[in-house]
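What follows is a set of notes on a single structure, which appears directly below.
The values are calculated or read from the model by the stated rules, or taken from the named source; none is laboratory data. Small disclaimer: the values here were computed from a predicted structure and weren't measured. Because the Cβ atoms are built from the backbone with ideal geometry, glycine has one as well, and the counts that use them run over all protein chains shown.
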Amino acid sequence: MPVEPRDARSDKEGRNMDNLLTIQRAQAAPPCTVVIFGASGDLAKRKLIPSMYNLVACGEGMMPPKSAVLGFARREMSLDDFRKSAHDWTARFSRLKVDEACWARFAGNLDYLSGLDRPDGFTKLKAKLEALEKARGLPPNRVYYLAIPPTAIGDSVERLAKAGLIYPPDAPHFSRVVVEKPIGHDLPSALEINRTMVKYLDESQIFRIDHYLGKETVQNLLALRFSNNIFERLWGARNVDHVQITVAEAEGVGSRAMYYDHSGALRDMVQNHILQTLALLTMEAPVSLDSSAIRDAKLNVLRTLRPIMPADARANTVRARYAAGVDADGKPVQGYMDEPGIADNSRIETFVALKAYIDNWRWSGVPFFIRTGKRTKARASSIYVQFKDVPQILFNRGSTVPANALTIRIQPDEGFSFDVMTKRPGLDLVLQPVRMNLSYNAAFGDGASPEGYERLLLDVMDGDHTLFISAPFVEKSWEFVQGILDSWSDGARVPLVEYPAGSWGPKEADDLIRTAGRVWHEP
Ligand code: BG6
């Protein structure tokens, strides 16, 4: 990704923008067909179709012209019905309001094929793609987006290859496969999926997606750390007291019981989104902005993440599920066990808290407190970096001066703030904490941030791997998570506790951090 200074210019308020840096796309993405496997599933509804629409929509116009989107699923559905459903999903979940003229353009790019589960499904897919490309004058560039359960990934890749739908990596056109997290259910199944994928695909054709890497604030971790001189000098054990990462969701399990009741918060959030965020937050400066350099730097963090073993699991992990309580609007809601589709004997957690350590030179001894859960008091994800106290002399003598803290708000209200102490104006010497705050909405305008999926879909079409997960990262992250899963497996070592819906989690999570002499910071 070359970094080029933009031409001198002014913005609409007349501010000089000479010092803007644009990390440009090397070239416009070539036209292609994106095949969405599982096109009537939850992910396609909530994220993929709305993101594709946003890429096409008038203001954005980023999707390569003529490109097509082909829904491929088990269910029989007419093209008209697929287009109608896609409109409803977009109206409900897109960050942009549906503009009917743009929609008409987008709908013209949509097509549908059923038979994903049938023996001749992939032969039909091949014929459909060829017909579609001929009709639209499209080159046979293809992106296969596997929005399907992890157990079906290996089989679909094999069937794609056997149907002749995967080209050699040096072919004049591309065939790329996007796989969703979680890749696997545990370490052995993740290894198995990776083995199947590399049997049929070159690594350059595999895009392992984690939509948190497409989020503006997560990408901004790189910019914040490495385009400002002040943070890097403070970043590490010498100056940081501890770090908190909170990913809290007000929503419950909703209609996803079939997937979630086999997964739980550790596999669903920690193994991927949270470890990715942790890696970007703590990695050493990569040697360049190349995708391999960034991936290597992130992987090095996981190599030094201290494993959590059965003997220390109780002191360092909490697992819980929500009981009845209230939602974010204060309305009564049922507990996890009463949600539709949850097994009577379910032992799945909807909340996890961890204390982790990165045993490398930079972070030695700094505790990282991590928590994520569903049905929390509010939807709020943030990273909180608390710096060490000033020495106990001058202002800190006899009374406690609150420590400086940097809070990076991932969502909602994206932005960051810095807590500092200042003297309150007046004749007395009174110190007061104040917050320096940057809100993305205020600085860049409401709705300026694209959805993570928009950015990542475009990167797949561009062939840019920077924001995708490498196979070794998947394996290392599973190794860490597998240690915890094994520690929890007997059920008694770390009991599954409950928290009321509408709270920030169970009392045990408060105890975990309190025992370490800290408290959770409200995200
Ligand atoms: C998904 C998880 O990967 O991320 C969901 O499977 C979770 O359970 C979602 O709700 C959270 O994404 P976001 O972008 O809403 O924070």
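Table for the structure above
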{"item": "Positions within segment 288-313 being in a loop (DSSP other than H, G, I, E, B) and without any contact (Cβ under 8 Å) to a residue 40 or more places away in the chain, in sequence order", "result": "SER288"}
{"item": "Segment 193-224: number of residues that are in a helix (DSSP H, G or I), closer than 24 Å to GLU454 by Cα and away from the ligand (no atom under 16 Å from the Cβ)", "result": "6"}
{"item": "Filter result (on the phi > 0 side of the Ramachandran plot and within 13 Å of the ligand (Cβ to nearest atom)) within segment 348-380", "result": "ARG375"}
{"item": "Matching option when the condition is modelled with pLDDT of 95 or more and among the small types (Gly, Ala, Ser), among SER449, SER489, SER439, SER503", "result": "SER503"}
{"item": "Unique match (being acidic (Asp, Glu), within 16 Å of the ligand (Cβ to nearest atom) and part of a loop (DSSP other than H, G, I, E, B)) among ASP428, ASP413", "result": "ASP413"}
{"item": "Qualifying residue in segment 176-189 (condition: more than 15 Å from ILE153 (Cα to Cα) and either among the small types (Gly, Ala, Ser) or not in a helix (DSSP H, G or I) (or both))", "result": "no"}
{"item": "Criterion violated by ALA279 - all others in (1) of a type in the set (Gly, Ala, Ser); (2) within 11 Å of the ligand (Cβ to nearest atom); (3) under 14 Å from the mean Cα position of the chain (by Cα) satisfied", "result": "(2)"}
{"item": "The lone exception for TRP361 - which of (1) surrounded by fewer than 22 Cβ atoms within 10 Å (Cβ to Cβ); (2) closer than 15 Å to GLY254 by Cβ; (3) among the hydrophobic types (A, V, I, L, M, F, W, C) it fails", "result": "(2)"}
{"item": "Qualifying residue in segment 430-438 (condition: touching an Asp or Glu at 6+ places or on another chain (Cβ under 6 Å) and surrounded by fewer than 20 Cβ atoms within 10 Å (Cβ to Cβ))", "result": "yes"}
{"item": "All positions within segment 227-239 that are over 21 Å from SER364 (Cα atoms) and touching a Leu at 6+ places or on another chain (Cβ under 9 Å)", "result": "SER227"}
{"item": "Matching entry among PRO64, PRO30, PRO2 (being within 28 Å of ARG295 (Cβ to Cβ), touching a Cys at 6+ places or on another chain (Cβ under 7 Å) and modelled with pLDDT under 90)", "result": "PRO64"}
{"item": "Meets criteria (surrounded by fewer than 19 Cβ atoms within 10 Å (Cβ to Cβ), modelled with pLDDT under 90 and not aliphatic (A, V, I, L, M)) for ASP413", "result": "yes"}
{"item": "Filter result for the condition that a residue is in a strand (DSSP E or B) and crowded, with 21+ Cβ neighbours inside 10 Å, over TYR499, TYR453", "result": "TYR499"}
{"item": "Count of residues meeting criterion [over 18 Å from LYS374 (Cβ atoms) and not acidic (Asp, Glu)] in segment 489-506", "result": "6"}
{"item": "Filter result (surrounded by 15 or more Cβ atoms within 10 Å (Cβ to Cβ) and outside any loop (DSSP other than H, G, I, E, B)) within segment 315-330", "result": "ASN316, THR317, VAL318, ARG319, ALA320, ARG321, TYR322, ALA323, GLY325, VAL326"}
{"item": "GLY398 being part of a loop (DSSP other than H, G, I, E, B), at pLDDT 90 or above and more than 26 Å from the chain's Cα centre (by Cα)", "result": "no"}
{"item": "Segment 419-433, residues that are more than 31 Å from the chain's Cα centre (by Cα) and under 15 Å from PHE387 (Cα atoms)", "result": "MET421, PRO433"}
{"item": "Output for segment 254-267, where each listed residue is near the ligand (Cβ under 10 Å from one of its atoms) and either surrounded by fewer than 22 Cβ atoms within 10 Å (Cβ to Cβ) or over 25 Å from ASP329 (Cα atoms) (or both)", "result": "GLY254, ARG256, TYR259, SER263, ARG267"}
{"item": "Which numbered condition GLU284 misses (of (1) more than 16 Å from the ligand (Cβ to nearest atom); (2) under 30 Å from VAL157 (Cα atoms); (3) among the charged types (D, E, K, R); (4) at pLDDT 95 or above)", "result": "(2)"}
{"item": "Neighbours by Cβ (under 7 Å, 6+ apart or cross-chain): first from segment 421-446, more than 15 Å from ALA403 (Cα to Cα); second among the acidic types (Asp, Glu)", "result": "SER439/ASP413; TYR440/GLU216; TYR440/GLU414"}
{"item": "Boolean, ASP88 is over 18 Å from LEU201 (Cα atoms), at pLDDT 95 or above and acidic (Asp, Glu)", "result": "yes"}
{"item": "Sole exception among (1) surrounded by fewer than 19 Cβ atoms within 10 Å (Cβ to Cβ); (2) within 16 Å of the ligand (Cβ to nearest atom); (3) not in a loop (DSSP other than H, G, I, E, B) for ILE383, by number", "result": "(1)"}
